[in-house]
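K.L.:
Provided herewith is a single structure, encoded as structure tokens, for subsequent inquiry.
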Amino acid sequence: MDYLPVEVIGNILSRLGGARDVVIASATCRKWREAYRKHLQSLTFNSADWPFYRDLTTNRLEILITQTIFQTTGLQGLSIVMDDANKFSAGTVMAWLMYTRDTLRRLSYNVRTTPNVNILEICGRQKLEDLVLAHNSITGVEPSFQRFPCLRSLSLSYVSISALDLNLLLSACPLIESLELVSLEIAMSDAQVTIELSSPTLKSVYFDGISLDKFILEADSIEFLHMKDCVLELFELIGNGTLKHFKLDDVSVIHLDIMETSESLEVVDVNHFTMVWPKFYQMISRSQKLRKLRLWDVVFDDDDEIIDLESIAAGFSQLTHLSLSYDLKDGAAHYSLQGTTQLVNVTVLELGWTLINDVFSIWVEELLRRCPNLKKLIIYGVVSETKTQGDCQILATFTWSIVQLMRKYIHVEVQFEYE
């Protein structure tokens, strides 16, 4: 250990993460204390990591964090995540940020202060590359002054911000590639809540818990879009056909338009979503590179509407992974079995139900016939806690029919997943 360069020791300490562990380890010897002071790269204060944080008064905690930070030089990563039990002095928090901002590359900040600390004003025009901001408010963004020339990743969670300031903030990040917006509190200027964002460099976008009337995103380089638990009247994505991965998870949107960017789609993953199948199919049908299609627990506006297997087979010839959830609560088969076009490249097939009946077995058999090169079949099902004799008989009959069916397809690996 004596021959380890002090820079390597600094790297080891940086990988410990929690500030308490770093301070304890640095007490090993004089050389390790030197590594802590001069070569430590990252430091994390998280109230969830060490319960003792909660036993300290706010004033004592401020002193502890201040002493720990001010003994370092050249921090590149700083994470301060404190629960709402403490409200820190704005002056103290500003001192932490002012001391580290010249070298900081990564900042994760979830601290409640009195009054609010303007992170953009303190950390703007510096070398910051990754900013994670939570439980804060942003007002009066000035892109010319509060500019982030090196920022590549921005995450805002439970942040109060106006639609205008959000767009200005994005324009102040000329190199940004990743954007996460979680449960934003959008300041309204009129009755209709509308957000229009534009960035030529964005590649990955994640929205969670966003409720708006209209959301328009213009991103010429976008490759990944994931929306979760969102309620929107209109969402439109404008781009240059670069989108590769599109995921909707428990989203309610009346008008959805990603057609301009859909020609390079490789993955479409839809879960708990109400759709009009012809419109949705038309929106993604331009993609000739689609490899994975997942339509899980989808609901249709029209009870008589179907998703026909023929359109999937004919429209997406490169498909290798197909996942379909089958809901027979109303007795209607939402996935038509008509047509003869085969899914020759599909090797993984996932099928699910919420209420099993005889039609499901027929549907499984037809899909197996249409996938001649299938290697793996996964069947998902819901089994209620209380079962009548009739329910048990239906499940037994289904299991027997699948066993009989798979004797014809001995080359296919079968798995059952029940919840």
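K.L.:
Considering each residue of the range 384-419, count those that are out of contact with any Leu (no Cβ under 9 Å at 6 or more places or on another chain), in contact (Cβ under 8 Å) with a residue 24 or more places away in the chain and part of a loop (DSSP other than H, G, I, E, B), and give that number.
P.N.:
Looking only at that region, the number is 1.
K.L.:
A further question follows. Filter the range 170-181 for residues that are open to solvent by 20 Å² or more (accessible area, probe 1.4 Å) and part of a strand (DSSP E or B); which is farthest from L128 (Cα to Cα)?
P.N.:
Of the range 170-181, the ones open to solvent by 20 Å² or more (accessible area, probe 1.4 Å) are 171, 174-175, 177-178, 180.
Checking the rest, the ones that are also part of a strand (DSSP E or B) come to 178, 180.
Details: S178: 14, E180: 16 Å.
Among those residues, the one meeting the criterion is E180.
K.L.:
Please state which one of V253, V268, V276 is within 28 Å of R152 (Cβ to Cβ), aliphatic (A, V, I, L, M) and either modelled with pLDDT under 95 or touching a helix residue (DSSP H, G or I) at 6+ places or on another chain (Cβ under 9 Å) (or both). Lay out the reasoning, then the answer.
P.N.:
On the way: V253 fails: within 28 Å of R152 (Cβ to Cβ); V276 fails: within 28 Å of R152 (Cβ to Cβ).
Within the list V253, V268, V276, the selection yields V268.
Residues are listed down the side, and each one gets a yes or a no for (1) modelled with pLDDT under 80; (2) on the phi > 0 side of the Ramachandran plot; (3) open to solvent by 30 Å² or more (accessible area, probe 1.4 Å):
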{"position": "Y326", "(1), (2), (3)": "yes, no, no"}
{"position": "L337", "(1), (2), (3)": "yes, no, yes"}
{"position": "W363", "(1), (2), (3)": "no, no, no"}
{"position": "L368", "(1), (2), (3)": "no, no, no"}
{"position": "E385", "(1), (2), (3)": "yes, no, yes"}
{"position": "R407", "(1), (2), (3)": "no, no, yes"}
{"position": "I410", "(1), (2), (3)": "no, no, yes"}
{"position": "E413", "(1), (2), (3)": "no, no, yes"}
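K.L.:
Which of the residues spanning the range 114-166 are of a type in the set (D, E, K, R) and either part of a strand (DSSP E or B) or touching a strand residue (DSSP E or B) at 6+ places or on another chain (Cβ under 7 Å) (or both)? So that I can check it myself, show each step before the final result.
P.N.:
As a first pass, look at the range 114-166 and keep what is of a type in the set (D, E, K, R): 121, 125, 127, 129-130, 142, 147, 152, 165.
Passing the criteria: E129, D130, R152.
K.L.:
Tally time: how many residues in the range 13-24 are surrounded by 14 or more Cβ atoms within 10 Å (Cβ to Cβ) and out of contact with any helix residue (DSSP H, G or I) (no Cβ under 6 Å at 6 or more places or on another chain)? Break it down into steps so the answer makes sense when it comes.
P.N.:
Just the residues of the range 13-24 that are surrounded by 14 or more Cβ atoms within 10 Å (Cβ to Cβ), to begin with: 13-14, 16-23.
The next check asks that each one be out of contact with any helix residue (DSSP H, G or I) (no Cβ under 6 Å at 6 or more places or on another chain); those that pass are 14, 17-18, 20-21, 23.
Qualifying residue count, the range 13-24: 6.
K.L.:
Taking only the range 360-396 into account, find how many residues are closer than 27 Å to L343 by Cβ and in contact with a helix residue (DSSP H, G or I) (Cβ under 8 Å, 6 or more places away or on another chain).
P.N.:
From the range 360-396, those closer than 27 Å to L343 by Cβ are 360-382; that's our starting set.
Pick out the ones that are also in contact with a helix residue (DSSP H, G or I) (Cβ under 8 Å, 6 or more places away or on another chain) and you get 360-361, 364-368, 370, 374, 377, 379.
Summing the residues that are closer than 27 Å to L343 by Cβ and in contact with a helix residue (DSSP H, G or I) (Cβ under 8 Å, 6 or more places away or on another chain) in the range 360-396 gives 11.
K.L.:
Of the residues R125, R147, R101, R105, which single one is open to solvent by 20 Å² or more (accessible area, probe 1.4 Å) and at positive phi? First the steps, then the outcome.
P.N.:
Working: R147 fails: at positive phi; R101 fails: at positive phi; R105 fails: at positive phi.
Every option except R125 fails the conditions.
K.L.:
Residues that are open to solvent by 60 Å² or more (accessible area, probe 1.4 Å) and of a type in the set (G, A, S): list the strands (runs of 3 or more DSSP E) wholly contained in the range 199-289 that include at least 1 such residues.
P.N.:
Details: elements: 204-208, 211-219, 224-228, 231-238, 245-257, 267-275.
Those strands (runs of 3 or more DSSP E) span 211-219, 245-257.
K.L.:
Could you say which residue among D83, D55 is acidic (D, E) and touching a strand residue (DSSP E or B) at 6+ places or on another chain (Cβ under 9 Å)? Please lay out each step first, then the result.
P.N.:
On the way: D55 fails: touching a strand residue (DSSP E or B) at 6+ places or on another chain (Cβ under 9 Å).
That would be D83, the only listed residue that is acidic (D, E) and touching a strand residue (DSSP E or B) at 6+ places or on another chain (Cβ under 9 Å).
The values are calculated or read from the model by the stated rules, or taken from the named source; none is laboratory data. Every value quoted in this text rests on a predicted model; they were computed, and no experiment measured them. Here Cβ is always computed from backbone atoms with ideal geometry, including for glycine, and neighbour counts include all displayed protein chains. Note: areas computed on protein heavy atoms with side chains; ligands, DNA, RNA excluded. Shrake-Rupley method; radii C 1.70, N 1.55, O 1.52, S 1.80 Å.
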